[in-house]
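Visitor: Just passing along the structure, written as C-alpha cells.
A short reminder: the numbers here are calculations on the coordinates, not readings from a lab. These numbers were taken from a predicted model, which means no experiment stands behind them. We place every Cβ from the backbone using ideal geometry, glycine too, and count neighbours over all the protein chains shown.
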Amino acid sequence: MSNIAPANPLEMLAYNLSLLIEDEQIVYVGTGLPMVGAMLAHRTHAKNITMVFESGGQDPLEGCDVPWSVGCPFTFRKSPMSMEMANSFGQCALGYVDIAFQGGAQIDMYGNVNTSVIGSYENLKAILPGSGGGNDIGSLTEKSVLVGLQTPDRFPAKVDFLTTPGYLDGGDSREKAGLMGGPIAVVTQVGVYDFEPVSKRMRIKALNPGMTVEIAQVCTGFELLVPDHIEMVESPPNEVLEILRNVVDPRGVFTKMPGS
C-alpha cells in the first residue's frame, strides 16, 4: 500500500490544469495555480512547451523555485528571451499563444471574469487589482482556461463588473462583438467545466474524486448544466504527486491547504 497522501483539492486543481496542456504548445501562464499547472505539465507529459509569463519572461531555466508571481525574477532566470509586458500581450494578438490561463474574483455562467470591483458603484464592497492583462488574454487568445476557487459568491449568475469577456450574454454574442475563440474550460477544486456549444452556458464536464453534481451545484450561484455523461477525474499517479510536491511546489506556496 502506498504511503503517499492523496491529492488535496488544490493539488487536484493544479493537476487538472496540467492535463489541459499539450506538448509543444505555447502556454500563457498566470500567477498562482496556473504557474504550478504549467510547470507540472512541463515536468511530466509536455516537456516541449514554451511558457510565456505576463511580465515578459519566456521559458526560464529549470531548477529555480516556483515563481511567486508572473513578475518574479525566477520567470526571467536565464530565459532565452525577455520582453516588455506589452510585447507579451502582443503575442496573444498575433496568435502566438496556443492556450492561456487566468483567474478572477468572479466567474459567471457565460465565463465572463471580474477582477475590478465587488458590488456596485452605489454599494461598493471591494476594489480589486483591475484587468492587468486579463482583458488582453480573454479577448485575443483563441483558447483560454479560467481558474478559480468555486463558491456561490465567486461563481455568480452575472459578474458585478465585466473585466474580461467570456461568452458575454451567451449564444453568438461574443462572435457578434468581434472576438474570436473564448474560454474552453473552467477548473476549480470541484472539477472541470466547459460551455454548452449553443447557449454557451457553463456545464459540468468532469468531477474530482469524492465530488458530486450536488456538491458542484451547492458551490455555484447559478444553475449548472448537467450532461448525460460526466467524467470522473482519476487521482494523480504517485510519481506525478511526488514531482508536484518535491520539485514544482516544494514549499507548498500554492498547493498547501490552509491550516494543514
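Visitor: Decide, for the stretch 9-248, between rounded, prolate and oblate: order the square roots of the alpha carbon gyration tensor eigenvalues as a ≥ b ≥ c, take rounded if a/c falls under 1.5, and otherwise choose prolate if a/b is larger than b/c, else oblate. It would help to have the intermediate numbers written out before the result.
Guide: Values: a/c = 1.63, a/b = 1.20, b/c = 1.36.
Oblate.
Visitor: Continuing with the same structure: What are the ³J(HN,Hα) values, in whole Hz, obtained from phi via the Karplus relation 6.51 cos²θ - 1.76 cosθ + 1.60 with θ = phi - 60°, for each residue of the stretch 239-248 in sequence order, with x given for Gly and Pro?
Guide: 5, 6, 4, 5, 5, 4, 7, 9, 10, 6
Visitor: Kindly write out, for the stretch 115-121 in residue order, the coupling ³J(HN,Hα) from the Karplus curve 6.51 cos²θ - 1.76 cosθ + 1.60 (θ = phi - 60°), rounded to whole Hz, with x marking Gly and Pro.
Guide: 10, 10, 8, 10, x, 9, 5
Visitor: Expressed as a rounded percentage, what relative contact order does the stretch 1-129 have, with Cα pairs under 8 Å and six or more residues apart? Write down the numbers at each step before the final one.
Guide: Details: 195 pairs, mean separation 26.5, N = 129.
Dividing the mean separation by the residue count of the stretch 1-129 yields 21 percent.
Visitor: First check a/c for the stretch 112-260, with a ≥ b ≥ c the square roots of the eigenvalues of its C-alpha gyration tensor; if it is under 1.5, answer rounded, and if not, answer prolate when a/b is larger than b/c or oblate otherwise.
Guide: Prolate shape, in that a/c is at least 1.5 and a/b is the bigger ratio.
Visitor: Label points 7 Å out from Cα along the Cβ direction at Thr212 and Ser69: separation in nm?
Guide: Once both label points are built, they end up 4.1 nm from each other.
Visitor: OK, next. Suppose every Lys and Arg Cβ carries +1 and every Asp and Glu Cβ carries -1, with no other charges. What dipole size does the chain come out with about its Cα centre, to the nearest 20 debye?
Guide: Values: 17 positive and 29 negative charges, 91 e Å.
Using Cβ point charges on Lys, Arg, Asp and Glu, the chain gives about 440 debye.
Visitor: Once you charge only the Cβ atoms, +1 for Lys and Arg and -1 for Asp and Glu, what is the size of the charge dipole of the stretch 140-260 about its Cα centre, to the nearest 20 debye?
Guide: Working: 12 positive and 16 negative charges, 68 e Å.
Dipole about the Cα centre, nearest 20: 320 debye.
Visitor: Follow-up. Read phi for every residue in the stretch 193-199 and hand back ³J(HN,Hα) as whole Hz from Karplus 6.51 cos²θ - 1.76 cosθ + 1.60, θ = phi - 60°, with x for Gly and Pro.
Guide: Using θ = phi - 60°, the values come out as 10, 10, 10, 4, x, 8, 7 Hz.
Visitor: Right, something else. In whole percent, what relative contact order does the stretch 9-248 give with Cα contacts below 8 Å and a gap of six or more residues? Present the calculation step by step, with values, prior to reporting the outcome.
Guide: Working: 529 pairs, mean separation 41.6, N = 240.
Rounded, it is 17 percent for the stretch 9-248.
Visitor: Now for a separate question. Please name which of His45, Val113, Gly171 has its Cα lying farthest along the dipole of the chain towards the positive end, using unit charges on Cβ (Lys, Arg +1; Asp, Glu -1) and the Cα centre as origin.
Guide: The listed residue farthest towards the positive side: Val113.
Visitor: On to the next question. Out of residues 5 or more away from Lys143 or on other chains, whose amide H comes under 5 Å of its own, with H placed 1.01 Å from N in the peptide plane?
Guide: Those qualifying (amide H under 5 Å, at least 5 residues apart or on another chain) are Ala100, Gly182.
Visitor: What does the charge add up to near Ser55, with Lys and Arg as +1, Asp and Glu as -1, over the other residues with Cβ less than 14 Å from its Cβ?
Guide: Values: positive: Arg77; negative: Glu54, Asp59, Glu84, Asp136.
In short, -3.
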